[in-house]
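Please treat every number below as a calculation from the coordinates, not as lab data. The model shown is predicted, which means the values in this text are computed figures rather than measured ones. We place every Cβ from the backbone using ideal geometry, glycine too, and count neighbours over all the protein chains shown.
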Amino acid sequence: MPSEAEAAGSVRAAVACQLRQAIVSGRYRAGQRLPERELCSVTGAARSSVREALRQLEAEGLVTIIPHRGPVVRPLPLEEARQTYAARALLEGHVGRLCAQHRTTAQLAALDAAMDAMEVAAKTFDGPGVIDANAAFYAAMTAGAGNAVIAGMLKSIHNRLALLRFSSVQWPGRVAQSMAENQAILAAIRAGDADAAEAACIHHIEASAAIALVILAARHGQDEAVPLQGKKP
């Protein structure tokens, strides 16, 4: 039987997961207040568990707790987004390289399954399904890389960029483009071509960043996004 502390931790993790998904899906928008009473009603959890979950999401960069106002969904600053995408490109490029070098039949099967799920979701215009399948693809690739430190760093990065995923997948033509990019990554990994896998991963993240930064720049009232590498002159 789990201890009282373990049970409380399990509830906190479940509440954090539920709230994280609500933020990622766009149910709660950037800058929107998150009243504890409402969150208790939505999650069915006690206020103490909700507060612990909010502190966890604050550490992940999804929520900020403002004195005398309470928790709100944290808006992602444009420059922070640019830097985060640049870091993601470097890390996931290396993940692609490692996965190509150490690929196994089981890992290739997991990547194939994720691509199949993404194609099904795309055909039915299921945006959240596309996001989930894409996440499964990168989770399989990260597992194949076999580097737990990089996996932890990427988890933090993905959480910070979560608010942009749902908007990006709605960009005209982006789903088809993303699928083609993932197919190129998978082909390179299957062939054991580490250089090509790394380059394909970096290209995919830079393409995603270009769209996400345009969307974010518009939210900030700017005409164009800051380029992924380097600032505007």
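Label sites at Phe125 and Ile150, each approximated as a point 7 angstrom past Cα along Cα to Cβ, lie 3.8 nm apart.
Taking all C-alpha pairs of the stretch 97-187, those more than 19 Å from each other amount to 41 percent. Relative to the dominant Cα principal axis of the chain, helix 127-145 is inclined by about 70°. Suppose we flag trypsin sites (Lys or Arg not before Pro) only when DSSP calls them loop and at most 14 other Cβ atoms lie within 10 Å. Which is the longest uninterrupted stretch of the chain? Maximal segment without exposed cleavage sites: 70-230.
The C-alpha atoms of the stretch 4-73 occupy a region whose extents along the principal axes are 34, 27, 23 Å, arranged from largest to smallest.
Computed extension length for Val42-Ala210: 57.0 nm, one decimal, from 0.36 nm per residue of separation with the Cα-Cα distance subtracted.
Expressed per residue, the C-alpha convex hull volume of the chain stands at 150 Å³.
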